[in-house]
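In what follows, a single structure is set out as structure tokens and then discussed.
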Amino acid sequence: MSSPAASTYITAVERIQTLRKTATDKRLRPMSRDEIQVFYHAALTAYVAAWNAYIKNLITDFYDVISDPSQSKFRAIYTIARKRAENAITRFNTPNSENTRNILIQYTGYDPINTTLWIQRRKLDDIVEVRHSFAHGFDMPSNVWTQSLSRRGQLTSKAIQETEMFFRKLVKITDKGMKKHILLTYGLTGFW
């Protein structure tokens, strides 16, 4: 079973797929390459935003799970920790690997660094960097997965599909890791 954060992420992804499908819909032809790129940019931006929201929601889910109002001594520390996490969540807006790892460690104690997919964190950083480039009007970096035949950075349907698959796997593995962290650290079971 997935966390509420993962369920919300999956719902968002189902909507985001519409952007890629629209860009490749033959019924909407002719569509210029620039028009197609708008749909791909919107899709990539939406995937990064959904990942960002997932991390924020996962931290909130963590505090919901470990809450124990019957423990008065724990409640005071819990309240302070949760409030600090909520403040950090409002400032979390660049969900690259370093920032994501730091916010998870600082506010939940969970370090995702040793999970299988987290080792591929360079892909996450590349995706966030590409989103940053067109969100702020810079030239898109020419990474292996964004490079056109002319060596110019541009997105493709395949790149967007790979981005979706990457984030789906990353959410699944992060969710699994957080669940294990809660079990091992707090001895809690039966949630999510």
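Tabulated values for the structure
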quantity: Residues located in segment 165-179, provided they are of a type outside the set (K, R), closer than 16 Å to I16 by Cα and touching a residue at least 24 places away in the same chain (Cβ under 8 Å); calculated: F166, F167, V171
quantity: Conditions (1) modelled with pLDDT of 90 or more; (2) within 15 Å of S157 (Cα to Cα); (3) of a type outside the set (S, T, N, Q): number failed by A50; calculated: (2)
quantity: Options S133, S142: the member that is of a type in the set (G, A, S) and in contact with a Lys or Arg (Cβ under 9 Å, 6 or more places away or on another chain); calculated: S142
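The values are calculated or read from the model by the stated rules, or taken from the named source; none is laboratory data. No experiment lies behind these values; they were computed from the predicted model shown. Virtual Cβ from ideal backbone geometry, glycine too; neighbours counted across all protein chains shown.
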